[in-house]
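This report concerns only the one structure given below.
The values are calculated or read from the model by the stated rules, or taken from the named source; none is laboratory data. Computed from a prediction, not measured in an experiment: that's the story for all the values here. With ideal geometry, Cβ positions are generated from the backbone for all residues, glycine too; neighbour counts draw on all protein chains shown.
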Amino acid sequence: MELGSHVSFSSSRLNRRVKDQYMKLPQEGKVMVTYVWKNVPHENLQCKTRTLDYEPKSIEEIPKWGLAFHLQHEDPLRDMYLIPVKMFKDPFFWDPNKLVLCEAMKSNGQPADNNLRQSCKKVMEMARDYHPWFGMEQEYFLIGANGLPYGWQEDRCPIQGIHHCGVGADKVHGREIMEAHYKACLYAGIKIWGTNAEIISSQWEFQVGPCEGTDAGDHLVMARFILHRVCEDFGVVASLDPKPVPGFWADSGCHVNFSTEDMRKEGGLKHIEDAIEKLAKRHDHHISKYDPTGGEGNAQRLIGVLVTSNINKFSSGVDDRTASIRIPIQVWQQGYGYLEDRRPSADCDPYAVIEAVVRTTILKETT
Ligand code: ADP
Ligand code: MN
Ligand code: MN
Ligand code: MN
Ligand code: MN
């Protein structure tokens with residue numbers, strides 16, 4: 001979306017009370033299942049709902065769905081399959097309705113070009129005995145109907161200064177959305193770790209995890225879907241752009257916190273330091289996987305200002321938020337725990353990120 005383009009989000013003008021009357025109607029034994037999938041190179045998601053005559057009790061009871069849909073604007077209509085992989089409760093239609101995360105597959109059985117979950121899953125199976133856990137911190141900006149961060153006038157932020165974890169109407173904009181999203185995630189069964197206000201008044205963060213293996217990607221993607229859907233109801237847009245306001249120093253990242261079973265045990269610090277050594281030798285590879293543009297978007301963000309590292313230089317440190325990799329202070333003090341890779345961009349594909357981390361640290365890949 002063009003900044004300052006003064007688009008009007010018409011859904012914000014519809015009367016939600018009128019809608020509520022229909023939402024209370026009984027469903028006559030039917031269940032609505034909303035299939036959610038990703039099939040574009042960037043983080044955008046798609047969804048499509050269908051009616052089942054029964055309530056699915058497990059993922060196996062949800063039919064795969066072959067349908068024709070536009071891959072991307074430039075592509076013709078193509079037949080694809082949506083393969084259900086994880087079921088959540090639907091916080092929009094409520095129980096017994098479901099949200100179901102799907103993988104997009106081509107009709108020849110190969111994963112769709114932007115389905116990176118298949119490859120991630122294979123790598124996680126190879127690393128299974130290490131029990132890799134991930135926690136992801138999703139930062140985002142709320143964009144209002146004037147095309148600017150919500151609450152901004154002209155191209156200026158009316159609330160100046162740094163308001164990380166801020167409280168008060170003179171510090172933050174749009175807490176309603178963050179809180180609605182939090183509750184909706186809990187209801188759905190997302191493993192949401194927490195939330196906080198970010199540095200700029202209309203910037204927020206939620207965290208997912210710790211989750212083992214591909215689960216981390218699954219829960220983050222569904223949490224993103226819920227965020228975009230909640231924002232629709234409020235008539236704003238959640239932007240995961242790493243640099244939503246050009247020239248302005250605020251950025252959005254998606255830090256990935258990572259541990260193996262060895263790192264989480266007494267003496268784990270040694271394993272954390274070993275992993276950092278391996279990550280240091282493969283900086284460029286990781287940068288190429290940490291945003292959907294192979295590092296171009298992230299270069300706008302990782303400029304070494306405020307609490308970001310320099311994209312051209314790997315660094316690590318204890319309690320150092322200007323480093324590529326940080327060892328949290330409590331981990332350092334207790335001698336075990338996890339590491340934080342601060343490089344992934346807010347619009348990263350989580351499957352690409354966690355696959356790269358495991359390939360480098362557990363599978364010991366170097367090229
Ligand atoms: P920060 O201080 O970097 O802002 P947050 O409180 O926002 O940290 O997020 C902490 C993240 O660390 C959460 O996503 C959580 O799931 C994750 N986490 C906690 N313990 C572990 C662990 N042992 N392994 C991997 N991730 C973890
Ligand atoms: Mn955080
Ligand atoms: Mn943050
Ligand atoms: Mn940040
Ligand atoms: Mn962090």
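Summary of computed values
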{"read-out": "Candidates Gly135, Gly144, Gly189, Gly166 - the one that is within 23 Å of Val221 (Cα to Cα), of a type in the set (Gly, Ala, Ser), surrounded by 14 or more Cβ atoms within 10 Å (Cβ to Cβ) and modelled with pLDDT under 95", "value": "Gly144"}
{"read-out": "Close pairs from region 313-336: first assigned by the TED database to the domain that holds Glu277 and touching a residue at least 24 places away in the same chain (Cβ under 8 Å), partner within 16 Å of ligand 4 (Cβ to nearest atom) and aliphatic (A, V, I, L, M), Cβ under 6 Å, at least 6 apart", "value": "Ser316/Ala323; Ser316/Ile325"}
{"read-out": "Contacts under 7 angstrom Cβ, first residue in region 120-141 being assigned to a helix (DSSP H, G or I), partner more than 16 Å from ligand 3 (Cβ to nearest atom) and among the polar types (S, T, N, Q), 6 or more apart", "value": "Cys120/Thr214; Lys121/Thr214; Met124/Thr214; Tyr130/Thr260"}
{"read-out": "Asp274 under 29 Å from Glu212 (Cα atoms) and part of a loop (DSSP other than H, G, I, E, B)", "value": "no"}
{"read-out": "Residues within region 91-113 that are modelled with pLDDT under 95, over 16 Å from Ile59 (Cα atoms) and buried (at least 17 other Cβ atoms within 10 Å of the Cβ), tallied", "value": "2"}
{"read-out": "Number of positions in region 194-231 that are within 16 Å of ligand 4 (Cβ to nearest atom) and not aliphatic (A, V, I, L, M)", "value": "11"}
{"read-out": "Single unsatisfied condition, Gly297 versus (1) assigned to a loop (DSSP other than H, G, I, E, B); (2) within 21 Å of Tyr140 (Cβ to Cβ)", "value": "(1)"}
{"read-out": "Filter result for the condition that a residue is over 17 Å from Glu205 (Cβ atoms) and of a type in the set (Ser, Thr, Tyr), over Ser288, Ser252, Ser239", "value": "Ser288"}
{"read-out": "Residue that is farthest from ligand 3 (Cβ to nearest atom), among those in region 209-226 that are among the small types (Gly, Ala, Ser) and over 18 Å from Ala180 (Cβ atoms)", "value": "Gly213"}
{"read-out": "Residue, farthest from ligand 5 (Cβ to nearest atom), within region 241-267, restricted to residues that are outside any loop (DSSP other than H, G, I, E, B) and touching an Asp or Glu at 6+ places or on another chain (Cβ under 9 Å)", "value": "Phe258"}
{"read-out": "Residues within region 300-319 that are within 14 Å of ligand 4 (Cβ to nearest atom), among the hydrophobic types (A, V, I, L, M, F, W, C), assigned to a loop (DSSP other than H, G, I, E, B) and at negative phi, tallied", "value": "3"}
{"read-out": "Of residues in region 232-270 being closer than 30 Å to Gly335 by Cβ and in contact with a strand residue (DSSP E or B) (Cβ under 7 Å, 6 or more places away or on another chain), the one farthest from ligand 4 (Cβ to nearest atom)", "value": "Ser259"}
{"read-out": "Pick from region 320-339, criterion at pLDDT below 95 and surrounded by fewer than 16 Cβ atoms within 10 Å (Cβ to Cβ), ranking: nearest to ligand 4 (Cβ to nearest atom)", "value": "Arg321"}
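Table: residues versus (1) within 14 Å of ligand 2 (Cβ to nearest atom); (2) crowded, with 18+ Cβ neighbours inside 10 Å.
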| residue | (1), (2) |
| --- | --- |
| Glu179 | no, no |
| Asn196 | yes, no |
| Asp215 | no, yes |
| Asp241 | no, yes |
| Thr260 | no, yes |
